[in-house]
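Trainee: Dumping the structure here so I can ask a few things about it.
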Amino acid sequence: MAPSSFRTAAVVCGIVTASLGVGLLTPVTATAATTPTAAAASPSPTDSTTSSEESKTPDFDNIPVDPSFPEPRFVTDWSTPWGSRTVVGWSGGDEIWLVIGNEVFDRATGPGFFLNVQDRHRDAGLEVIRVDTAEDGTQTRGERIPMPRGITVDDVDPENTFEPGVMQFTGSATAGATVVATDTVSGDELFTTEVSTTRSGTGTWSADAELSDREHKITLTQTTPEGRTNQLRDIRFTPADTDAPDAPTLQTNERRLDGTFVLGGQYDAATDSVIVEDEAGEKITTATLTADGYLAQIPQDHLGTTVYVVARSADGTPSTRTQAPLEQLDTDDSIAAPALRDVKVYPDGRVQVIGEREDATSLWILDGDRVVSGIRQEAWSYTIPAAETGKQLDIVNLGLDGTRYSS
């Protein structure tokens, strides 16, 4: 259901059920009925180009396919540990289009072409289409060419420390492909393994590798059943410094009434500081250290991501990273829904919602998954500022497992 604007003199208050994108909460939703007004059309994901550029985007379904039309020649297709990907090849003078379905994500014109794949699309069903345009404007194209899915490696960063010995690697790649790991420092092959076959197009793989007490720089190469290749380059492993502190433990990972996350755990005697990083290694916050452990508060805009807790010695030597996924609370159908009793619209545009939380410990008012208000009172009210009344807010009761909010 599309959000209804509260800016109206005639307000009809209703209780409806909606599902949030993270955690599948089932909230009570306050809406207001309005008279429909004309509005500008919202742009589609591909509307970032100008109208003149849009006219150049082919209607792929209506371009004749020439079975004899040659595929472009792919010279290299490689990904970085951060997930971005570059595809380089040769297409004569034809245009090369990178698509998911008929949605265009990049294009290039030959003879040589470069295509860039963003991190968020590395596991998507990407295809390449080669389009030839004759002098009279007539277009023909080749068959859609499915690109290999990007290679991923679980729990591995661009820079890693390790203890020498056997290390297990797991990850994902194109279903049915063969993955080969090579140490580009020594030239040794570390392992070869097969990717599972799945209908989704992305399969999983696992293998063990013996890492000696020196630096390793690893390249993973997958070869699909069709013979296409893709690489994940430059994953570095450095022997762990004996002066490095042990990784912090994670004993507490909970969400507070204001929506923020709190992480807590233990650290060892070699630790001088504990920081929390995002996946790329950028610092989010520095934890508070006490005799009982560390405590770090994470803003709720990191909801749905995994952050990492790292201990550092006095000279800055880092420990290995401890994962902390920041997830929405679970849904518990046994918790009563909050009761919305009244909605008041004020002349200055503010909207006040009034209700009761019906035997729950506390209540959230959510804008999407972001907490805009946390309430403990049995009888509650919340006033929506006039500038924010074009939104749909969800109201949910919270469960408590005795020590923390659990659902």
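Trainee: Using a 1.4 Å probe on the protein chains only, how many percent of the accessible area of the range 98-231 belongs to carbon and sulfur?
Mentor: So the carbon and sulfur contribution to the accessible surface is 45 percent.
Trainee: To continue, here is another question. Taking 7 Å along the Cα-to-C-beta vector as the label spot, tell me the SER334-GLU356 distance in nanometres, rounded to one decimal.
Mentor: So the two model labels end up 2.3 nm from each other.
Trainee: Per-residue accessible area for ASP272 at 1.4 Å probe radius, Å² rounded to 10?
Mentor: Surface open to solvent at ASP272 totals about 90 Å².
Trainee: Largest first, please: the extent of the C-alpha atoms of the range 313-382 along each principal axis, to the nearest Å.
Mentor: 60, 36, 20
Trainee: Just to check I understand the Karplus step: with θ = phi - 60° and J = 6.51 cos²θ - 1.76 cosθ + 1.60, what whole-Hz values come out for the range 100-108, glycine and proline as x?
Mentor: For the range 100-108, the Karplus curve yields 10, x, 10, 8, 8, 10, 6, 8, 8 Hz.
Trainee: Between VAL88 and THR140, what length in nm is gained on full extension when 0.36 nm per residue of separation is reduced by their alpha carbon distance?
Mentor: Using 0.36 nm per residue and subtracting the Cα-Cα distance, I get 16.5 nm.
Trainee: So if the hydrodynamic radius of the range 363-407 is defined as the Kirkwood radius over C-alpha pairs, what does Stokes-Einstein give as its diffusion coefficient at 37 °C and 0.692 mPa s, in µm² per second?
Mentor: Values: Rh = 11.7 Å.
Stokes-Einstein gives a translational diffusion coefficient of 280 µm²/s.
Trainee: Which of GLN251, ALA287, GLN266 sits farthest toward the positive end of the charge dipole of the range 230-288, with +1 on the Cβ of Lys and Arg and -1 on the Cβ of Asp and Glu?
Mentor: GLN251
Trainee: A further question on this structure: Just the projected area, averaged over all directions, of the convex hull on the alpha carbon atoms of the range 214-283: how many nm²?
Mentor: 8.7
Trainee: Just to make sure I understand: if all protein chains stay in place, what is the order of TRP97, TRP90 by accessible area at 1.4 Å, largest first? All intermediate terms of the calculation are to be shown ahead of the outcome.
Mentor: Details: TRP97 5, TRP90 125 Å².
Most to least solvent-accessible, the answer reads TRP90, TRP97.
Trainee: A further question follows. Report the label-to-label distance for ALA291 and ARG256 in nanometres (one decimal), using points 7 Å from each Cα along the Cα→Cβ vector.
Mentor: 2.4
Trainee: Follow-up. Along the Cα→Cβ direction, 7 angstrom out, place labels at ASP342 and ASP213. What is the inter-label distance in nm?
Mentor: Each label point is offset 7 Å from its Cα along the Cβ direction, giving 7.6 nm.
Trainee: Treating the range 139-199 as a set of equal point scatterers at the Cα positions, no solvent, please give the Debye-formula log₁₀ I(q)/I(0) at q = 0.21, 0.24, 0.25 Å⁻¹.
Mentor: Normalising to I(0) and taking log10 leaves -1.02, -1.22, -1.27.
Trainee: Continuing with the same structure: Show me, for the range 276-282, the HN-Hα J-couplings you get by feeding each phi into the Karplus relation (A = 6.51, B = -1.76, C = 1.60, θ = phi - 60°), rounded to Hz, glycine and proline as x.
Mentor: 10, 10, 8, 4, 7, x, 7
Trainee: I would also like to ask the following. Across every pair of different alpha-carbon atoms, what Kirkwood hydrodynamic radius in Å does the range 78-198 reach?
Mentor: Working: mean 1/r = 0.0598 Å⁻¹.
Roughly 16.7 Å, rounded to one decimal.
Trainee: Roughly how many whole Å is it from the C-alpha centroid of the range 249-317 to that of the range 95-123?
Mentor: That distance is 38 Å.
Trainee: Accessible area, 1.4 Å probe, largest first: how do SER362, SER381 sort?
Mentor: SER381, SER362
Trainee: I'd like the accessible area for LEU340, computed on protein heavy atoms only with a 1.4 Å probe and all protein chains in place. Round to 10 Å², please.
Mentor: Accessible surface of LEU340 is approximately 20 Å².
Trainee: Right, next: Which value, in Å² rounded to 10, gives the accessible area of GLU254 with a 1.4 Å probe and all protein chains present?
Mentor: For GLU254, solvent-accessible area is about 40 Å².
The values are calculated or read from the model by the stated rules, or taken from the named source; none is laboratory data. Keep in mind that this is a model prediction, so the values were computed, not measured. Positions of Cβ are generated from backbone atoms using ideal geometry, with glycine treated the same way; all protein chains shown enter the neighbour counts. Side chains are part of the model used for accessible areas, which takes the heavy atoms of the whole protein and leaves out ligands, DNA and RNA. Shrake-Rupley method; radii C 1.70, N 1.55, O 1.52, S 1.80 Å.
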